[in-house]
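No lab work stands behind these numbers, since they all come straight from the coordinates. Predicted model, so just to flag it, every value in this text is computed and none were measured. A quick note on method: Cβ atoms are made from the backbone with ideal geometry, for glycine too, and the neighbour counts reach across all protein chains shown.
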Amino acid sequence: MNEEISKIRSSRRRALAAANYENNSRRDADPETTTLGRTVNDQNGMTGRTFLYGDYPARHNACEAIAVHNARVLTGGRSRLSDVIVRFQASGAMIRRGYFGSNVFKIGRVLKSYGIKYKMFFRRKFDRPGVYIVSFWNEKPLKNGIHTVAFTFDGEKYTTYNLHGNGKTGDEAPGVYAKRFIVGYYIEDGGALLQ
């Protein structure tokens, strides 16, 4: 069992994390569905249907975990989504057994648990080359909630991962889709990797 699961104090939360980890580890062990070292862009596809986050399929609520996984891959990490999901559960970032996804203000806890240096910011300012994670309200906030993505900026071009969840990256600037910006994280080591 993953050592992060043993850090969870509540027996109910620990049992849920263990069940999720068992399912998600099987997915990561399968060459067809593994996320090991690969960015995830299909929250509405195979990954979203087969991975679990709390009581729900990942398509419903796992965009924050996917964004952290993608940021880790983009900065050279050998990340697995199954491990990132457990870190979210162990850090207390999951909200109501996953029904409301994750607390976007606790993403930093997960980054810190991996030893990733970051700067949290509250204004839409994406002008430094590097890797970012941003959370924003969707078009119809009360109905569609929030979304969180990872993106890279090389000084000229933006590439966003899991923006639409359809298996493709997005190339629009985050100012276009993150009009209702909530919070962002700039990965401090990410800029050097893009040069």
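How big is the dipole moment of segment 118-193 about its Cα centre under a simple scheme where the beta carbon of each Lys and Arg is +1, that of each Asp and Glu is -1, and everything else is neutral? Debye, nearest 20, please.
With Lys and Arg at +1 and Asp and Glu at -1, about 420 debye.
For segment 52-195, how many pairs of lysine residues have a Cα-Cα distance under 25 Å, where the two are 8 or more positions apart or belong to different chains?
Counting lysine pairs in segment 52-195 gives 22.
Rounded to the nearest Å, what's the spacing between the alpha carbon centres of segment 115-164 and segment 61-102? Just the number, please.
15
Quick one: Karplus J couplings for segment 160-174, per residue in order, coefficients 6.51, -1.76, 1.60, θ = phi - 60°, nearest Hz, x for Gly and Pro?
Each residue's phi maps through the Karplus curve to give 10, 10, 6, 5, 9, x, 9, x, 10, 7, x, 10, 6, 5, x Hz.
Given H placed on each backbone N at 1.01 Å, which residues far from Asp189 in sequence or on other chains put an amide H within less than 5 Å of it?
Lys117
Here are a few candidate values for Cα extents along the principal axes in Å: (1) 46, 37, 30; (2) 50, 35, 29; (3) 41, 41, 34. Which one was actually calculated from the structure I just gave you?
The listed entry that was calculated here is (1).
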